[in-house]
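Written out below as structure tokens is the structure these notes cover.
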Amino acid sequence: MTSYDQVKSKFKTLRFSSIADSIESVIKTAEDNDLSYLEFTEMLVDDELSRRNKNRIRLNMKKAGFPYEKHLSEFDYKHQTTITKKQVSSLLDFGFIDNRQNIVFIGPPGVGKTHLATGIGLKAVQSGYKVLFTTALSLVEILDIAELKGELKKKINSLLKFDIVIIDELGYLPMDKTSMYNLFQLINALYEYRSIIITTNKEFTSWGDFFFEDNVAVPIVDRLIHHSHIFMLGGESYRLKQKMKG
Ligand code: ADP
Ligand code: MG
């Protein structure tokens, strides 16, 4: 006579842990509702699929490295009127990822650039995409260290597995020549292959100052703005507004 434990342990051997956990209740549901063999089988496999999906999303959420969870649902479009909910929502079918397009948020401090980038990133992870959130500063640090170790290519390849790389606060600090070159290598590799979301306080015309030398700035900026959704955000700092209130 076959026992539940025997069957469960076989599923566990095959790493179908979700089926192993739910088989008793699924069999009961099947019996109670007179399910066909096919319906029963589908129920069993759906259980496993949905648990694996949830686990993958949880793992991707960890790997994304978001500094905090800022959701788009918390974004106040009455305060920030230089972008509309419709514009943001139109990005959430993630066609921009499939079409290898970029998003650039430009504007002064406190206007919601990082909030929007994070919110879009969170949604993307929930939809099954792989996302990496990083500041320009720590990204460049990582690339510079990799380059010193002779592992820049390897590092860049490891970043290519993300569907979106979010680079927060590009242009806040000037960069030396080597860093710029390393960053260019990454952007070149991501170009037309993956999507980049950038937040920056610099308009493209002043990127030359930031990137030190215009002859490197031009190809970087070119690759970033080509196939890009560019949003110029203005208005008052939300942080300032909150302070005045309090
Ligand atoms: P930026 O990156 O443009 O400097 P942030 O996105 O970090 O600004 O916004 C600063 C703070 O204000 C964050 O806590 C953010 O969640 C909040 N914030 C900014 N704009 C809005 C908004 N329109 N609605 C709700 N919160 C906002
Ligand atoms: Mg920011």
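The values are calculated or read from the model by the stated rules, or taken from the named source; none is laboratory data. If you're wondering where the values come from, they're calculated on a predicted model, not measured in any experiment. Heads up, the Cβs are rebuilt from the backbone with ideal geometry, glycines too, and the neighbour counts pull from every protein chain shown. Accessible surface areas use protein heavy atoms only, side chains included; no ligands, DNA or RNA. Shrake-Rupley method; radii C 1.70, N 1.55, O 1.52, S 1.80 Å.
Tabulated results
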{"read-out": "Cross-chain or 6+ apart pairs with Cβ under 6 Å, segment 66-83 first and assigned by TED's automatic domain parsing to the domain that holds G121, then basic (K, R)", "value": "Y77/K85"}
{"read-out": "Candidate set: segment 77-116, residues that are within 16 Å of ligand 2 (Cβ to nearest atom) and surrounded by fewer than 16 Cβ atoms within 10 Å (Cβ to Cβ); chosen: the one farthest from I198 (Cα to Cα)", "value": "H79"}
{"read-out": "Residues satisfying the stated conditions in segment 125-137, i.e. modelled with pLDDT of 95 or more and open to solvent by 40 Å² or more (accessible area, probe 1.4 Å)", "value": "Q126, S127, G128, Y129, K130, T135"}
{"read-out": "Residue in segment 48-60 that is within 16 Å of ligand 2 (Cβ to nearest atom) and either touching a residue at least 12 places away in the same chain (Cβ under 8 Å) or outside the structural domain of D176 (by TED's automatic domain parsing) (or both) present", "value": "no"}
{"read-out": "Hey, S179 in the same structural domain as T114 (by TED's automatic domain parsing), of a type in the set (S, T, N, Q) and surrounded by 14 or more Cβ atoms within 10 Å (Cβ to Cβ) or not", "value": "yes"}
{"read-out": "Those helices (runs of 4 or more DSSP H) lying entirely in segment 39-141 with at least 3 residues within 16 Å of ligand 1 (Cβ to nearest atom) and either farther than 30 Å from K28 by Cβ or touching a Cys at 6+ places or on another chain (Cβ under 7 Å) (or both)", "value": "85-89, 113-126"}
{"read-out": "Search result, residues across segment 182-202 that are surrounded by 22 or more Cβ atoms within 10 Å (Cβ to Cβ) and among the small types (G, A, S)", "value": "S195"}
